[in-house]
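The values are calculated or read from the model by the stated rules, or taken from the named source; none is laboratory data. As the structure is a prediction and not an experimental result, all values here were calculated from the model. Heads up, the Cβs are rebuilt from the backbone with ideal geometry, glycines too, and the neighbour counts pull from every protein chain shown. Heads up: the accessible areas ignore ligands, DNA and RNA and are worked out on the full protein's heavy atoms, side chains in. Shrake-Rupley method; radii C 1.70, N 1.55, O 1.52, S 1.80 Å.
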Amino acid sequence: MRHIERLPEPAILKQKHDEWQDKFEQAKKQNPKARPDSTKYGNPGIRKNLEDCSYGKCFYCESKLSGASKEIDHFIEVAIDSKQAYTWTNLYLSCSNCNDKADHNTIPVNTALDPCRDSDEEIQANITFEDECICSQHGSQKGLNTIKKYHLGTELLDMKRGKWLRHIMKDIIDIQNRMITDERSLPTKDEQQRIKRYMQPDQPYSLMSKVFLEKNFDHLLEAAYENQK
Ligand SMILES: [Zn+2]
């Protein structure tokens, strides 16, 4: 999870919000179990805007999303607050793993991290990684709740994150081999940028990569040759 800077409300939602919400309220009068219309809150304009907020990643687990796996999640569930069915700030982009979250009665949202509210510092103060495995930072209850609520510790996610770590390691070994060949003890600026790139928020699992690289390859991140050609 990384902090998400939310973009302004999409035009279609500004225009249609009241009409859509009214229709939903009417439907609920007929049938209390009525759900908001996913073709409305999942409108391509809204979807595109959410993807732009998170570089096409799940707001919770940072998996890159493609095609059908992009789901729109109500952060505050409709069952808890039906008035937020079409509220821009309540719509989050999610993979199917994280959208299958534990409900409010099991783990209330305010006892877990919120990528749109919490800063990167706050997120890192509560969750961390041992290689590809996510864990709570210093036993933080908020971290534990977040991992449990959004299923961030599933085997499937461990596999995906493990695969990404092996990809990063391949790149680092390549850089280290070049350093040996050139008899250098430091990476070039370009090589250092290549490593740091994995920590940028547009990359998959960037918080895991940040923790992994800072823990294991700090010496490659700190110093680099200037102006190598
Ligand atoms: Zn996810």
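Couple of notes before you dig in:
- Each label was represented as a point 7 Å from its Cα along the Cα-to-Cβ direction; for ALA102 and ASP131 these points are 2.6 nm apart.
- The residues of the chain expose on average 53 square angstrom of accessible surface per residue, using a 1.4 Å probe on protein heavy atoms.
- Full-stretch length increase - GLU122, GLU51 - with 0.36 nm per residue and alpha-carbon distance subtracted: 23.3 nm
- Ligands, DNA and RNA excluded, the heavy atoms of LYS83 present near 130 Å² of accessible surface to a 1.4 Å solvent probe.
- Taking the Kirkwood radius as Rh and the Cα radius of gyration as Rg, the range 155-222 has a ratio of Rg/Rh equal to 1.00.
- Straight Cα distances below 17 angstrom link LYS163 to the lysines LYS57, LYS64, LYS210, with same-chain residues fewer than 8 positions distant left out.
- Average 1/r across all pairs of distinct alpha carbons in the range 122-174, invert it, and you get the Kirkwood radius: 11.8 Å.
- A simple spin-label model places the labels of GLU25 and ILE72 2.0 nm from each other, with each point 7 Å out along Cα-to-Cβ.
- Heavy atoms of GLU130 accessible to a 1.4 Å probe, total area in Å² rounded to 10: 110
- Virtual paramagnetic centre 7 Å along Cα→Cβ of LEU221, amide N under 19 Å, in the range 127-147: 127-138
- The range 155-222 - percent of accessible surface contributed by carbon and sulfur, probe 1.4 Å: 52
- Cα principal axis extents for the range 104-229, largest first, Å: 59, 27, 24
- Two-decimal log10 I(q)/I(0) for the chain, as the Debye equation yields it once each C-alpha is a single scatterer, q = 0.18 Å⁻¹: -1.28
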